[in-house]
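Contents: one structure, followed by commentary.
Where a number appears in this text, it was derived from the coordinates with a stated rule and is not lab data. Fair warning: this is a prediction, and the values are worked out from it, not measured in the lab. Cβ atoms come from the backbone with ideal geometry, glycine included; neighbour counts cover every protein chain shown.
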Amino acid sequence: MDIVGETHILMREAGVQAGLLCDAVGCFQLDAGRALLCAQHQTSISLYHPLRPKSCVPNLPSVNMPAITKFRQQHLAPEYDHPREDRRLVGNPRRTTWNHFTSSSGEVHAGVWACEKGSWRIAFANNKDEYFYVLEGRCRVIDEQGYAAEAGPGDALVIPAGFKGVFEVVEPVRKHYVIVDRMPAAAP
């Protein structure tokens, strides 16, 4: 049996029939919902319920699906910066950022960040959280009460919204990060 035949059996078992099919052989995958995904062409293929008459299903074009971001396959130019002068405590470390992903809303960012030794004050907005996973080096995050959380290779930390304290790079560090920077709520 060919892939198209197998796909139609899967679709019947799921209780759906195809309104549109991608004509590239070998790229069918049944999604948990009522859609077929064409992995090769990253398009969604409309499906309709078998109880609905075929005549009421418009011939819709395939819709582009968001693509998976694989850091290793991207070749980005790094962005360089330094802590603001009014926040620097020790040194003037160069920070390097490779931002691999920004959500369509602009609220989520993910990538790789590296930094030289040094320390500076940080103040997160009330709508911004950061998760990071240390790949190499060591860093320390110190809150206003003096509690320090140190992270090395394999460690993960979350800096919560509203956090104020110090970020210290003990040994040159490289980390994966995910920043969620929610849009502020509209005033009533």
In the stretch 107-185, what GluC sites (Glu not before Pro) fall in a loop by DSSP, with at most 13 other Cβ atoms inside 10 Å? Glu144
Which of rounded, prolate or oblate describes the stretch 93-136 when judged by the alpha-carbon gyration tensor and an a/c cut-off of 1.5? oblate
Arg88 versus Tyr147, label points 7 Å from Cα toward the beta carbon: distance in nm? 3.1 nm
Can you tally the net charge around Gly154? Count Lys and Arg as +1, Asp and Glu as -1, for every other residue whose Cβ sits under 12 Å from the Cβ of Gly154. 0
